[in-house]
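*Asks:* Following this message is one structure expressed as structure tokens.
The values are calculated or read from the model by the stated rules, or taken from the named source; none is laboratory data. Note that this is a predicted model, so its numbers are computed, not measured. Cβ atoms come from the backbone with ideal geometry, glycine included; neighbour counts cover every protein chain shown. Each accessible area value is taken on the protein alone, full model and side chains, heavy atoms only, with ligands, DNA and RNA left out. Shrake-Rupley method; radii C 1.70, N 1.55, O 1.52, S 1.80 Å.
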Amino acid sequence: VVQVEYVGDLAPYDEEVAALAEVGADLTVIRAGDADALVDAARDADVIWLEWTPHLNRDVLLQLPRLGLAIRWGVGYDQIDVAAATELGVAVANAPSYCTQDVAEHAAALLLAISRQVVYRDRQGQQGLWRHGPAPHRRLAGSTVGVIGLGRIGSHVARIMSAFGANVLGYDPVATTVDAAVRRVGLEELLAASDFVSVHVPLTETTRHLFDTDTLALMRPHAVLVNTSRGGVVRQEALVAALDAGRLGGAALDVFEQEPLPADNPLRGRDNVILTPHEGANSPQSVRDLRREVCGATVEWLRT
Ligand code: NAD
């Protein structure tokens, strides 16, 4: 088994090494490099665990004829070419639910932080400033929160928002079961009616730039966009233009089109924008669950 680390914050791997030893497997850990380094390290691997990079595309897969299972160390298959893997007989897996509550809580935290201007007010408090802000706070109870994508995370966000007394609208063209807290509406109605919009869709060809000039223009001028899904769902250029023109109340973002966020990114330095560096999933509990899920699936696969 080869684990392709991203930042190297998961060591030591004692639990994984012990669990794999029981099925006669061992673990090699490499730091994410380029595809060549991956191929070199994983030439004899039966299983690859992949955090973020490099991409497991057709070209790389063709150079790993022994590979039987590729597990994405997280939610989604962002960097695995699933079609090519399937065609080449490589099973793919991920850990879809290890951080559902964490991301939902992060979205809720961002939404509350922006409605109560916590970050802006903290800067004032730290400097001993005692004055009104540029805009009034917005009470969440009685406000309308639009949740886009009513899967695992979106549904949990809807329940949290409902517990705060918000009216929750939801849009999802696919979901078959929807929580009682949610009134299901069309996308345009949701955008026109919501004071806060929280996005929880996967990044696909349909959802890429779901938030573009036209969709952002449908939002209320005081409304706030919260994105903890994937950066590509929001066209940054359009978001920046809407914020510059005062056509949007603010944004709270955990994910970006380009990560890490470049130093000269125009979203930086704004009082009505909160930026967290793709940390929504992170908690000791989620990391523990993720590790157990990935290792457990591997052991099961190696046994069969
Ligand atoms: P999920 O698959 O349970 O739910 C996604 C929902 O989106 C589904 O119900 C689907 O029907 C719906 N959907 C698909 N296309 C849509 C569209 N065009 N409009 C509206 N709804 C649409 O996924 P999840 O576990 O809830 O994760 C949601 C998002 O959160 C994913 O993008 C995932 O990558 C992201 N995520 C982010 C972090 C983070 O660290 N910030 C961590 C985990 C997951």
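*Asks:* More than 25 Å from the chain's Cα centre (by Cα), under 24 Å from residue 85 (Cα atoms) and in contact (Cβ under 8 Å) with a residue 24 or more places away in the chain: which single residue out of 59, 40 fits that description? Give the derivation first.
*Replies:* Working: 40 fails: in contact (Cβ under 8 Å) with a residue 24 or more places away in the chain.
Within the list 59, 40, the selection yields 59.
*Asks:* Restricting the search to region 266-303, which residues are closer than 18 Å to residue 123 by Cβ and touching a residue at least 40 places away in the same chain (Cβ under 8 Å)?
*Replies:* Scanning region 266-303 gives 271, 272, 274, 276.
*Asks:* As an exercise: evaluate residue 252 against (1) more than 24 Å from residue 156 (Cα to Cα); (2) outside any loop (DSSP other than H, G, I, E, B) and give the number of the one condition it does not meet.
*Replies:* For residue 252, the exception is condition (1).
*Asks:* Are any residues in region 208-231 part of a loop (DSSP other than H, G, I, E, B) and within 16 Å of residue 150 (Cα to Cα), and if so, which ones? Don't jump to the end; show me each part of the working.
*Replies:* Keep residues of region 208-231 that are part of a loop (DSSP other than H, G, I, E, B), which gives 208-210, 212, 219-223, 228-230.
Scanning region 208-231 gives 210, 228, 229, 230.
*Asks:* Still on this structure: Can you find a residue that is over 13 Å from the mean Cα position of the chain (by Cα), exposed (fewer than 15 other Cβ atoms within 10 Å of the Cβ), among the aliphatic types (A, V, I, L, M) and more than 12 Å from the ligand (Cβ to nearest atom) anywhere in region 291-303? Quick ask: steps written out before the conclusion?
*Replies:* Taking region 291-303 as the starting set, the residues that turn out to be over 13 Å from the mean Cα position of the chain (by Cα) are 291-303.
Still in the list and also exposed (fewer than 15 other Cβ atoms within 10 Å of the Cβ): 296, 300, 303.
Subsequent filtering for residues that are among the aliphatic types (A, V, I, L, M) retains none.
No, region 291-303 contains no residue that is over 13 Å from the mean Cα position of the chain (by Cα), exposed (fewer than 15 other Cβ atoms within 10 Å of the Cβ), among the aliphatic types (A, V, I, L, M) and more than 12 Å from the ligand (Cβ to nearest atom).
*Asks:* Another question, if that's okay. Among the residues in region 148-165, are any away from the ligand (no atom under 16 Å from the Cβ), hydroxyl-bearing (Ser, Thr, Tyr) and free of Cβ contacts under 8 Å to residues at least 40 places away in the same chain?
*Replies:* Of region 148-165, the ones away from the ligand (no atom under 16 Å from the Cβ) are 162-165.
Right, trim to hydroxyl-bearing (Ser, Thr, Tyr) and you get 162.
Adding the requirement that they be free of Cβ contacts under 8 Å to residues at least 40 places away in the same chain leaves 162.
So far as region 148-165 goes, yes, one or more of its residues are away from the ligand (no atom under 16 Å from the Cβ), hydroxyl-bearing (Ser, Thr, Tyr) and free of Cβ contacts under 8 Å to residues at least 40 places away in the same chain.
*Asks:* Among the residues of region 97-120, how many are more than 16 Å from the ligand (Cβ to nearest atom) and touching a His at 6+ places or on another chain (Cβ under 9 Å)?
*Replies:* 3
*Asks:* Any residue in region 189-207 that is farther than 30 Å from residue 265 by Cβ, in a loop (DSSP other than H, G, I, E, B) and away from the ligand (no atom under 12 Å from the Cβ)?
*Replies:* Let us first name the residues in region 189-207 that are farther than 30 Å from residue 265 by Cβ, namely 189, 193.
Checking the rest, the ones that are also in a loop (DSSP other than H, G, I, E, B) come to none.
Checked against the condition, which is being farther than 30 Å from residue 265 by Cβ, in a loop (DSSP other than H, G, I, E, B) and away from the ligand (no atom under 12 Å from the Cβ), region 189-207 yields no hits at all.
*Asks:* While we're here: Is it the case that residue 78 is in contact (Cβ under 8 Å) with a residue 24 or more places away in the chain and either touching a helix residue (DSSP H, G or I) at 6+ places or on another chain (Cβ under 7 Å) or within 26 Å of residue 259 (Cβ to Cβ) (or both)? Full working, then the answer.
*Replies:* Working: in contact (Cβ under 8 Å) with a residue 24 or more places away in the chain: yes; either touching a helix residue (DSSP H, G or I) at 6+ places or on another chain (Cβ under 7 Å) or within 26 Å of residue 259 (Cβ to Cβ) (or both): yes.
So residue 78 fits the description; yes.
*Asks:* Determine the pairs where a residue that is at pLDDT below 95, located within region 197-208, has a partner that is more than 8 Å from the ligand (Cβ to nearest atom) and of a type outside the set (A, V, I, L, M, F, W, C) with Cβ atoms under 9 Å apart, the partner being 6 or more residues away or on another chain.
*Replies:* So the pair list comes out as 203/231; 203/232.
*Asks:* Please pick out the residue among 32, 37, 70 that is at pLDDT below 95 and either touching a strand residue (DSSP E or B) at 6+ places or on another chain (Cβ under 6 Å) or on the phi > 0 side of the Ramachandran plot (or both).
*Replies:* Working: 37 fails: either touching a strand residue (DSSP E or B) at 6+ places or on another chain (Cβ under 6 Å) or on the phi > 0 side of the Ramachandran plot (or both); 70 fails: at pLDDT below 95.
Being at pLDDT below 95 and either touching a strand residue (DSSP E or B) at 6+ places or on another chain (Cβ under 6 Å) or on the phi > 0 side of the Ramachandran plot (or both) holds for just one of 32, 37, 70, which is 32.
*Asks:* Still on this structure, please answer the following. Working only within region 58-80, note down all residues that are within 23 Å of residue 151 (Cα to Cα) and either open to solvent by 50 Å² or more (accessible area, probe 1.4 Å) or among the β-branched types (Val, Ile, Thr) (or both). Can you show your working first?
*Replies:* Taking region 58-80 as the starting set, the residues that turn out to be within 23 Å of residue 151 (Cα to Cα) are 71-80.
If the condition is that a residue be within 23 Å of residue 151 (Cα to Cα) and either open to solvent by 50 Å² or more (accessible area, probe 1.4 Å) or among the β-branched types (Val, Ile, Thr) (or both), then 71, 75, 77, 78, 80 are the ones that fit.
*Asks:* While we're looking at this one, here's another question. What residue, among those in region 101-125 that are open to solvent by less than 20 Å² (accessible area, probe 1.4 Å) and not hydrophobic (A, V, I, L, M, F, W, C), is nearest to residue 198 (Cα to Cα)?
*Replies:* Per the criteria, the residue is 115.
*Asks:* So for region 170-188 (the condition being open to solvent by 10 Å² or more (accessible area, probe 1.4 Å), more than 15 Å from the ligand (Cβ to nearest atom), part of a helix (DSSP H, G or I) and out of contact with any Pro (no Cβ under 6 Å at 6 or more places or on another chain)), does at least one residue qualify?
*Replies:* no
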